[in-house]
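Structure first, commentary second.
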Amino acid sequence: MIKLTDKEFKEMYTYVKTRYGINLESKRVLIEGRLNSTLQAKGCKTFSDYILLLRKDTTGEEITTFLNKITTNLTFFMREPKHFEYLKDKILPEQEKTNTRKIYRIWSAGCSLGAEAYTTLMTINDYFGVKKSLWRTPVLATDISQSVLTGAKEATYKADLLKDIPLNWRVKYFKPAANKKDEYQVVPAIRQDVEFKVLNLMDDFHFPYLFNLIFCRNVMIYFDQETRKQLVNKYYERLEPGGYLFIGHSETITRDATPFQFIQPAVYRKPSR
């Protein structure tokens, strides 16, 4: 096994935290274990060689491979279902009464393989039924990994990832994937409302509109407290007044560090004007 020296470890975690916000200071063993095969495949004899490869890469492919190795792109439909219950039971009835423009914008930040974005749209379609045609519900789904987004756009999933969705949803919103056994593809009527885009959450956000709902679930577990605070406040600026932020149920927001209103665990709201 190729060992990671103290100097190499410091250079690597500093580089990754500065560029991508991910805190690896306690992940030395994980880095060594998960990246050794990558170093060998790339012909790197030391981690210094690999760090140089990361710095020189202009395609984004090497850093994508690295981030995929050290983070977990876990995805399945109806993950943390209480968020979708809250959307259906609280948010959408409220929007139906007050949103005269009938435009509801959603951002799935750190979208992984897309199940979160598609589950959200299925929830919305299920709520509105035939009235859905009166609404625009665009979803922006972003991730740092282009390879992950490529899979998300294809929207084809193994059957076990669909185990938690209602049976009628499987019939209505999925079709058997062509030439793939026990795999299903999200139907075009759902896929057409999602725009996928590569985005580093450490960058400034420049969108020509505000969002009504932002998902950032199980992403900030990789960030330190200061980075989380900065990111949450950037989300606050990108939300419409009265808009919601959903985070992972294993994550928390320091309440005195943000103007968000705490609604319930993992659900926060930007106050209305």
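The values are calculated or read from the model by the stated rules, or taken from the named source; none is laboratory data. On a predicted model such as this, the values are computed, not experimentally measured, just so you know. For neighbour counting, all protein chains shown are included, and Cβ atoms are generated from backbone atoms with ideal geometry for every residue, glycine included.
Quick notes on this one:
For (1) small (Gly, Ala, Ser); (2) over 30 Å from His206 (Cβ atoms), each residue gets a yes or a no:
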{"site": "Lys88", "(1), (2)": "no, yes"}
{"site": "Asn99", "(1), (2)": "no, no"}
{"site": "Ala109", "(1), (2)": "yes, no"}
{"site": "Ser112", "(1), (2)": "yes, no"}
{"site": "Tyr118", "(1), (2)": "no, no"}
{"site": "Val139", "(1), (2)": "no, no"}
{"site": "Val148", "(1), (2)": "no, no"}
{"site": "Gly151", "(1), (2)": "yes, no"}
{"site": "Pro166", "(1), (2)": "no, yes"}
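- Test: residue in segment 105-112 that is in contact (Cβ under 8 Å) with a residue 24 or more places away in the chain, in the same structural domain as Leu201 (by TED's automatic domain parsing), farther than 30 Å from Ile63 by Cβ and in contact with a Phe, Trp or Tyr (Cβ under 8 Å, 6 or more places away or on another chain): no
- Some residue of segment 154-167 being at pLDDT 90 or above and at positive phi: yes
- Candidate set: segment 253-273, residues that are at pLDDT below 90 and surrounded by 14 or more Cβ atoms within 10 Å (Cβ to Cβ); chosen: the one nearest to the chain's Cα centre (by Cα): Ile253
Each row is one residue, and each column tells you yes or no for (1) surrounded by fewer than 13 Cβ atoms within 10 Å (Cβ to Cβ); (2) basic (Lys, Arg); (3) part of a loop (DSSP other than H, G, I, E, B).
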residue: Lys181; (1), (2), (3): yes, yes, yes
residue: Tyr209; (1), (2), (3): yes, no, yes
residue: Asn212; (1), (2), (3): no, no, no
residue: Phe215; (1), (2), (3): no, no, no
residue: Thr227; (1), (2), (3): no, no, no
residue: Val232; (1), (2), (3): no, no, no
residue: Glu240; (1), (2), (3): no, no, no
residue: Tyr244; (1), (2), (3): no, no, no
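- When the residues of segment 54-64 are filtered to those that are part of a helix (DSSP H, G or I) and surrounded by fewer than 18 Cβ atoms within 10 Å (Cβ to Cβ), the one that is farthest from the chain's Cα centre (by Cα) is Lys56.
- Picking from residues in segment 1-42 that are within 25 Å of the chain's Cα centre (by Cα) and hydroxyl-bearing (Ser, Thr, Tyr), the one that is surrounded by the most Cβ atoms within 10 Å (Cβ to Cβ) is Tyr20.
- Contact map, segment 148-177: residues that are in contact (Cβ under 8 Å) with a residue 24 or more places away in the chain paired with residues that are of a type outside the set (Ser, Thr, Tyr) and part of a helix (DSSP H, G or I), Cβ distance under 6 Å, separation 6+ or inter-chain. Pairs shown: Ala155/Arg191; Leu162/Arg170; Trp169/Met122; Tyr173/Met122; Tyr173/Ile190.
- Helices (runs of 4 or more DSSP H) (entirely within segment 79-153) containing at least 2 residues that are crowded, with 16+ Cβ neighbours inside 10 Å and charged (D, E, K, R): 115-128
- Which listed residue is over 16 Å from Tyr86 (Cβ atoms), out of contact with any strand residue (DSSP E or B) (no Cβ under 9 Å at 6 or more places or on another chain) and in a loop (DSSP other than H, G, I, E, B), from Ser272, Ser250: Ser250
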